[in-house]
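Note sheet for the following structure.
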Amino acid sequence: MFERFQVVRAADVFADENLQPYPENVADRLREVLSSLDPPARTAVIESDYTDVDYSASYYDQRGRSFTPDRRVTKRIHFFAAEFSDEDLIEASQHTISTMQDSYLGFAVLRPETPVTLGRTVIACPSTIRRHPVRFPTRSTTKVDLAGIPLEVESCPYMSQDAKIMVCATAALWMSSSNLVDKIPGIPFRTTAEITALAMSLDRPFGPAVVQRGLSIVEMEQAFIRMGFDPRRHEFPSADRIVEICHLFSDSGIPPVLGITFGPVGHAVTVVGYTLGAPPDPVPAFRDVASAHQYVPYLVVHDDQRGMYLLAELEDDPVDGDRRTAVLTLHTPNGPERARCTAILVPFPRRVMLDALEVTAQAGYWIEFGKRFGVIEDRKVVSRKLLVRSNSYKQKLLENRRSPSKPDGYPKELVDFARALPMPRYVWLIEVSYVKDWDPTNPALPPVIAEFVLDSTLTEDRRPDFLMAHFPGRLLGNVVKESGVELVPETVSDDGDHLPFPDIPRP
Amino acid sequence: MADQKPNRTDAVEMAKEVERIIRHTPPDVIRDMEKRLQELRQTPEASTSDELMHKRAG
């Protein structure tokens, strides 16, 4: 009965040419990531005749309708850092189960095509890429069953196109949206076949049309809308704006999609994380307020044609006169490749009205207000912005309340004040730190001296507003009641710096 | 921290000013916010070629 499971060395999988997905770049990068994890992949379990949810959806829509049908089932390869044998898998002692669970690195689905392509792939996030420490706030947890053994992996899901029912744009949309299913209420899991149909407004099985034409940015936006998002589209952004938007939404757990062009060829990639490093010296600041994205030298992207977890750099390239275009350099296994960035597409949750730029303006206003009152020192500060579920914000505050064992936790008065304050489903959180406290040699974020919680459903962008403001030693809350809005001031006796909002996957 | 010894009077004074800004929003505050938004939106953007915008990603 266990013939369909084969336990082999991971190195044997990497050496078997029948198990290498097309194109070569994707296979090279998969091998590179699995070998660079700490600890690296040592054992693989090849699961034959695996019915994959994404592949079977496209099979029944297209391949299965051919006069000479393709194969319906896939191969799924699981990777582990520990070593064990076929007998161990069959025996499944408690020791083996624990060993497999503790050392699980994820799986890759191989579609049964000629050539073989990489389907749904969920591989653990590397802690470093090319020696740069990486942050993946967009990661999510995937639960897996292997012959009755429950396994889990934290990852940013990846896949490459099949060039039949889906193209790079479909893969990029899937790599973004599949990560949000457990984070945003009301967003169902969509297969790539469904995403192509949503983008192209098709209500019938597919023809070969999508492969020959690809998807425009407008069609990609339509797919997001029909999935239940309120997407935001930024056209022809500058390099700085791209890093700002991608950093901000990565920190919010939302992977943005970038529309790019390699020469005449349109393409799309998904941003899943970033690295932190030394900012330019001096830190550029808008009215003495620097932004956390200025400490981001590289974004980390999934490119369905060039591989997973790739470093990407951005710079502006003058076109002529005042015109410029953002150039994205992707560091692939075969060396750097340059593309031009034409658009950013962010799958916003519904009913978030206040845009990122308006949040930046609000942050600047309240920081200056704090300086005017002498509660924020008149020196350069840096702000970090993120969109967060309010219940998650309150839970994290409570979990990280200051105590003798957690001296850098949130002050008790702040925690109690925030917990009791009515908030909408999503809030914008702005954290303020002093630039002098940011150590560029340390990938950790600096301590927070003040924070503002904004109502994400605000529609008025010319009026400064907040739900909660925490200045050093002081708290102000706008309590929304049946009778109107009441401003409540409080003092914080045990104040001081505290840790930044944890970048864990949000429920 | 700029002020290590906050007291309730400070917080109440601050609250009065916040009330004035949020509930009554004087014209100078509106102008200030408009200017901030305008400056932020002025970040140099890239070229706006329709040809690039209508490119399809395949």
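The values are calculated or read from the model by the stated rules, or taken from the named source; none is laboratory data. All of these numbers come straight from a predicted model, not from anything done at the bench. Positions of Cβ are backbone-derived with ideal geometry, glycine not excepted, and every protein chain shown enters the neighbour counts.
Considering (1) farther than 17 Å from residue A:157 by Cα; (2) outside any strand (DSSP E or B), say which one residue A:331 fails and leave the rest.
Looking at each condition in turn, residue A:331 falls short on (2).
Under the condition of being surrounded by 16 or more Cβ atoms within 10 Å (Cβ to Cβ) and more than 11 Å from chain B (Cβ to nearest Cβ), which residue from the range A:319-336 is modelled with the lowest pLDDT?
A:333
The conditions are (1) within 19 Å of residue A:465 (Cβ to Cβ); (2) within 14 Å of chain B (Cβ to nearest Cβ), and residue A:422 fails exactly one of them. Which is it?
(2)
Taking residue A:305 as the residue in question, decide whether it is over 20 Å from residue A:158 (Cβ atoms) and more than 15 Å from the chain's Cα centre (by Cα).
no
Can you go through A:348, A:373 and tell me which one is surrounded by fewer than 21 Cβ atoms within 10 Å (Cβ to Cβ), in contact (Cβ under 8 Å) with a residue 24 or more places away in the chain and among the hydrophobic types (A, V, I, L, M, F, W, C)?
One residue alone meets the criteria, A:373.
Could you list, in sequence order, the residues of the range A:348-397 that are aliphatic (A, V, I, L, M), in contact with a Pro (Cβ under 9 Å, 6 or more places away or on another chain) and within 14 Å of another protein chain (Cβ to nearest Cβ)?
Result: A:361, A:375, A:376.
With the condition kept exactly as written, say whether any residue in the range A:143-156 is within 25 Å of residue A:297 (Cα to Cα), more than 14 Å from chain B (Cβ to nearest Cβ) and not polar (S, T, N, Q).
Scanning the range A:143-156, I find at least one residue that is within 25 Å of residue A:297 (Cα to Cα), more than 14 Å from chain B (Cβ to nearest Cβ) and not polar (S, T, N, Q), so the answer is yes.
Table: residues versus (1) within 14 Å of chain B (Cβ to nearest Cβ); (2) of a type in the set (D, E, K, R); (3) under 17 Å from the mean Cα position of the chain (by Cα); (4) farther than 28 Å from residue A:434 by Cβ.
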{"position": "A:243", "(1), (2), (3), (4)": "yes, no, yes, no"}
{"position": "A:248", "(1), (2), (3), (4)": "yes, no, yes, no"}
{"position": "A:263", "(1), (2), (3), (4)": "yes, no, no, yes"}
{"position": "A:277", "(1), (2), (3), (4)": "no, no, no, no"}
{"position": "A:294", "(1), (2), (3), (4)": "yes, no, no, no"}
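Which of the residues that make up the range B:8-31 are surrounded by 17 or more Cβ atoms within 10 Å (Cβ to Cβ) and acidic (Asp, Glu)?
Scanning the range B:8-31 gives a single hit, B:10.
Write out, first by first residue and then by second, each pair whose Cβ atoms fall under 8 Å of each other, whose residues are 6+ apart or on separate chains, and whose first residue, in the range A:44-72, is without any contact (Cβ under 8 Å) to a residue 60 or more places away in the chain and surrounded by 13 or more Cβ atoms within 10 Å (Cβ to Cβ) while the second is in a helix (DSSP H, G or I) and among the hydroxyl-bearing types (Ser, Thr, Tyr).
Correct list of pairs: A:70/A:59; A:72/A:56; A:72/A:59.
Is it fair to say residue A:29 is among the basic types (Lys, Arg), surrounded by 15 or more Cβ atoms within 10 Å (Cβ to Cβ) and either out of contact with any helix residue (DSSP H, G or I) (no Cβ under 9 Å at 6 or more places or on another chain) or assigned to a helix (DSSP H, G or I) (or both)?
It is true that residue A:29 is among the basic types (Lys, Arg), surrounded by 15 or more Cβ atoms within 10 Å (Cβ to Cβ) and either out of contact with any helix residue (DSSP H, G or I) (no Cβ under 9 Å at 6 or more places or on another chain) or assigned to a helix (DSSP H, G or I) (or both).
How many residues are closer than 22 Å to residue A:124 by Cβ, under 28 Å from the mean Cα position of the chain (by Cα) and free of Cβ contacts under 8 Å to residues at least 60 places away in the same chain when one looks only at the range A:1-26?
1
When you look at residue A:70, is it in a loop (DSSP other than H, G, I, E, B) and among the charged types (D, E, K, R), yes or no?
Yes.
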